[in-house]
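Below: the structure, in structure tokens.
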Amino acid sequence: MKNLKRYFLAGLVSLLPLGVTAFLIYFLVDTLGPILGSLLHFLPAMRHLPQVAYSVIGFVLLLIAILLIGMLATGFAGTWLLRLTSEFFSRLPLLRTVYGTARQLTDAVLVDRKSLKKVIALEYPRRGMYSIGFLMSETPVSFANGKKCVFVFLPVTPTPTSGQVHLVPVEEILETDLGVDEALKVFVSGGAVMPESLRNRPPPGSA
């Protein structure tokens, strides 16, 4: 019985990542594929294809379109057009808040990774318990009492784009060897994905 349980768990551990990956691919193809796949109905040679073919071909076309838009956006004309688009949406009373927030979020997570200076550890929310977060600025903020603090962003699991911003005294910041990508994997996985730099290491500040 013990062997059966061990074999079952081993099979589950082996198949679960494959299953999750397959489901994610299916979800993306099934959700995003019809965006351009529906246009194939207008081509006489493709009107009789099965629905799954429309989704797969549409998904591939969408990836190609995103790639082409990215190539154009990095050029002078694309940069100029994006600036005009941003200015246009910024003047619309109802959409400027949504567009501005989405733009800042995209730049912070996908484009401007420099906004996340380094991964730090912080004794929070109580003594003896540590949280990891991102140092947002290496320039401290000085208060009238002489205390110097820095901005720290503490993400939440499993959406690291949400969280809290704290002003933390400089002397309470604990540096880590974690990279930004490693920390993001920890937040998204809820700690299930453990970076090698954290394995078999004592807690921050311990002797």
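Computed from the coordinates by the stated procedures, all read-outs in this text should not be read as laboratory data. In this text, all values refer to a predicted model and were calculated from it rather than measured experimentally. All Cβ positions, even for glycine, are placed from backbone atoms using ideal geometry, and neighbour counts span all protein chains on display.
See the values below:
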read-out	value
Sequence-separation-based contact order of region 2-111, relative, with Cα cut under 8 Å and 6+ spacing, percent	18
In the chain, lysine pairs with alpha-carbon atoms under 27 angstrom apart (chain gap of 8 or more, or interchain)	9
Calculated [θ] (222 nm, deg cm²/dmol) that DSSP helices of n ≥ 4 give over the chain, each run adding -39,500 (n - 2.57)	-16000 deg cm²/dmol
Gain on full stretching of the segment that runs from Phe8 to Leu94 - 0.36 nm per residue minus C-alpha separation	25.6 nm
Cβ-placed point charges (K, R +1; D, E -1), dipole of region 2-111 about Cα centre in debye, nearest 20	360
Local net charge near Phe143, Cβ-Cβ under 15 Å (Lys/Arg +1, Asp/Glu -1)	0
Rounded to 10°, Cα long-axis angle of helix 76-90 versus longest principal axis of the chain	80
The chain: angle of helix 51-73 to the longest principal axis, Cα-based, in degrees nearest 10	60
FRET E, pair Arg126, Leu67, Förster distance 35 Å, beta-carbon r, rounded to 0.05	0.15
Rough spin-label spacing in nm, given labels placed 7 Å along Cα→Cβ, for Val188 and Val156	2.0
Selection from Gly128, Ser189, Val165, by position along the positive dipole direction of region 114-198 (Cβ)	Val165
Degrees between helix 95-106 axis and first principal axis of the chain (Cα, 0 to 90, nearest 10)	70
Dipole in debye (nearest 20) - the chain, about Cα centre, beta carbon charges: Lys, Arg +1; Asp, Glu -1	340
Which label in [x] 25, 23, 15; [y] 41, 21, 15; [z] 40, 32, 13 gives the computed semi-axes √(5λ) of the Cα gyration tensor in Å	[z]
Charge dipole (debye, nearest 20) of region 114-198; +1 at Cβ of Lys and Arg, -1 at Cβ of Asp and Glu	300
Net length gained if the chain between Glu87 and Ser137 were fully extended (0.36 nm per residue, minus Cα distance)	15.3 nm
The chain: relative contact order in percent, alpha carbon pairs under 8 Å with at least 6 residues between	11
For region 2-111: Kirkwood Rh in Å [reciprocal of mean 1/r, alpha carbons]	17.9
Additional length obtainable on full extension of the chain from Gln164 to Asn145, 0.36 nm per residue less Cα span	4.4 nm
Ascending count of other beta-carbon atoms within 10 Å, so fewest first, for Asp177, Asp30	Asp177, Asp30
Residues in region 175-197 that a label on Leu15 would reach, taking backbone N under 17 Å of a point 7 Å out along Cα→Cβ	none
